[in-house]
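Visitor: Here it is, the structure in full.
Every number in this text was worked out from the coordinates using simple rules, so none of it is lab data. Being a predicted model, the structure only gives us computed values, none of them experimental. Cβ atoms come from the backbone with ideal geometry, glycine included; neighbour counts cover every protein chain shown.
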Amino acid sequence: MQDVYSAVLPQAPYVIGAYGLIWVALLGYVGLVFSRLNRIEKEISVVEAAVKRREKSES
Amino acid sequence: MNRTKIARLVLVLGGMLTTAAFLMTFFWANPSLLPDGRVDFSQKIFYFHVPVAEASFLVFFFTALYGVKFLLTKDRRYDMRAKIATEVTLFFVLLTMATGILWTKVAWGVWWQWEPRLTTYFIMTLLVIAYFVLRNSVEDEEKRAVYAAAFGILAFIDAPISFFITRWAESIHPVVLAGGKSSGLEAPMLITFIIAQIGMLMLGYAFYEMRLHEEELKERLEALKVKVGG
C-alpha cells in the first residue's frame with residue numbers, strides 16, 4: 001500500500017489537473033453556447049414582435 | 001425530429017458516456033504498471049487525452065471537406081460550416097495540448113519534448129490558430145472564404161501526418177491504437193477507452209451542430225433587423 005501511495009500521490013495533481021481542465025472546458029463551452037443561444041432566441045422573439053406590430057400598423 | 005433536437009439528444013448521450021467513462025477510468029479500469037512494477041497513475045490521463053485528440057483530427061477533417069465543397073460550389077453555407085468545424089477543432093486541440101503537457105511532465109519529467117508527435121501536433125495547433133488569423137485579416141467576404149477554404153484544406157494535411165508519425169518515425173510518444181487483438185489493452189481499459197472515445201465524438205458533433213444553429217439564428221436575426229429597419 002505504501003508503494004501505491006508513493007507512486008500515486010506525486011502524480012495525482014497532474015491527473016486531477018488534466019481531468020479538472022477537461023470538465024471545466026466541456027461544461028464551460030456548453031454553458032457559453034447555450035447562454036448565447038438563449039440570448040439570440042430572446043432577441044429574435046422581440047424583433048419578430050416588432051415586425052408583426054409594424055405589419056399590423058401598415059395594413 | 002429536427003437537427004437541433006438531435007444535437008441536444010446527442011449532447012446528453014455524449015455527456016452520459018463521458019461521465020461513465022470518467023467513473024470507469026478511476027473505479028474499473030485496471031491501473032497501468034511501470035516496468036519496475038509500480039503503479040503508473042498518470043496513464044489515467046490517456047482515457048480522455050486520446051479521445052480528445054482523435055476528436056480534433058476528425059472534426060478538422062470537416063474543415064477540409066467543407067473547404068472543398070465551398071471551392072466547388074461557392075456556397076457560403078459551406079464556408080460557415082468549415083469555420084465552425086475549425087472552431088470546434090481549436091477547442092479539442094487546446095484540450096489535447098493541455099492534457100498532453102500534464103502527462104508529459106509526469107511520464108517524461110519535462111513539460112515539452114520536440115519529438116515527432118508533439119512537434120507535428122504543435123504545428124497543427126498553430127495552423128488552426130492561423131486559420132482564424134487569416135479569416136480576420138481579410139475584409140472581403142468572398143476572398144476570405146476562398147483563402148480560408150484553401151488554407152483549411154492544406155492545413156488538414158498535417159492531421160494524418162501527426163496521427164501516423166509515431167508509426168513512421170522514431171518517437172518516444174506511445175503508439176495509440178497500434179492494432180492487434182485488443183490494441184494491447186486489457187478488456188476494462190479498452191472498454192473504458194472506447195466509451196470515452198464515442199462520448200467525445202458525440203460531444204464534438206453536438207458542439208458543431210449547436211454552433212451552427214447559433215450562426216443560423218444570428219443570420220435570421222440580422223435579416224429580421226433589416227426588415228424592421230427597412
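Visitor: Among the aspartates and glutamates, which fall within straight-line cross-link reach of A:K52, defined as a Cα-Cα distance under 13 Å, with same-chain neighbours fewer than 8 residues apart omitted?
Guide: Straight-line reach from A:K52, under 13 Å: no aspartates and glutamates qualify.
Visitor: Continuing with the same structure: Residues of region B:126-145 with the amide nitrogen closer than 15 Å to a label point 7 Å from the Cα of B:K74, along Cα-to-Cβ, please.
Guide: B:141-145, by backbone N distance to the label point.
Visitor: Springs between alpha-carbon atoms under 10 Å, Gaussian network over chain B: tell me which of B:E54, B:E215, B:E87 tops the mean-square fluctuations.
Guide: Greatest mean-square fluctuation among the candidates belongs to B:E215.
Visitor: Working from Cα positions, state the angle (0 to 90°, nearest 10) between the long axis of helix A:2-58 and the longest principal axis of chain A.
Guide: 0
Visitor: What number comes out for the charge environment of A:A49, summing +1 per Lys or Arg and -1 per Asp or Glu over other residues with Cβ under 12 Å away?
Guide: +2
Visitor: Return the loop-located GluC sites (Glu not before Pro) in chain A (DSSP other than H, G, I, E, B) with at most 14 other Cβ atoms within 10 Å of their own Cβ; answer none if there are none. Can you show the working numbers first?
Guide: Values: sites: A:E41, A:E43, A:E48, A:E55, A:E58; in loops: none.
Passing sites in chain A do not exist.
Visitor: Which of the trypsin sites (Lys or Arg not before Pro) across region B:36-102 are loop residues per DSSP, with 14 or fewer other Cβ within 10 Å?
Guide: Working: sites: B:R38, B:K44, B:K69, B:K74, B:R76, B:R77, B:R81, B:K83; in loops: B:R38, B:K74.
Answer by residue number: B:R38, B:K74.
Visitor: Toward the positive end of the charge dipole of region B:3-229, about the Cα centre and with charges on Cβ (Lys, Arg +1; Asp, Glu -1), which of B:Y205, B:L134, B:F164 goes farthest?
Guide: B:Y205
Visitor: Separate question: Check B:S32: other-chain or 5+ apart residues with amide H under 5 Å from its amide H, H built from backbone geometry?
Guide: B:D40
Visitor: Filter the GluC sites (Glu not before Pro) in region B:137-180 down to the DSSP loop ones having no more than 10 other Cβ atoms within 10 Å, then list what survives. Can you show the working numbers first?
Guide: Working: sites: B:E139, B:E141, B:E142, B:E170; in loops: B:E139, B:E170.
Answer in residue order: B:E139, B:E170.
Visitor: Test of understanding: what is the full-extension gain from B:I6 to B:E141, defined as 0.36 nm times their sequence separation minus their Cα-Cα distance? Provide the component values of the computation, followed by the final result.
Guide: Numbers: separation 135, 0.36 × 135 = 48.60 nm, distance 3.11 nm.
Separation in residues times 0.36 nm, less the Cα-Cα distance, equals 45.5 nm.
Visitor: Over the Cα atoms of the protein assembly as shown, how large are the radius of gyration and the largest Cα-Cα distance (Dmax), in Å?
Guide: Looking at the protein assembly as shown, its Cα Rg and Dmax stand at 22.2, 85 Å.
Visitor: Right, something else. If you put +1 on each Lys and Arg Cβ and -1 on each Asp and Glu Cβ, how big is the dipole of chain A around its Cα centre, in Debye rounded to 20?
Guide: 400
Visitor: Please report how far the C-alpha centroid of region A:11-50 lies from that of region B:186-230, rounded to the nearest whole angstrom.
Guide: A separation of 11 Å, based on Cα centres.
Visitor: Could you give the nm distance between label points at B:L33 and B:K218, where each point is 7 Å from its Cα heading toward the beta carbon?
Guide: If labels sit at B:L33 and B:K218, their model points lie 5.4 nm apart.
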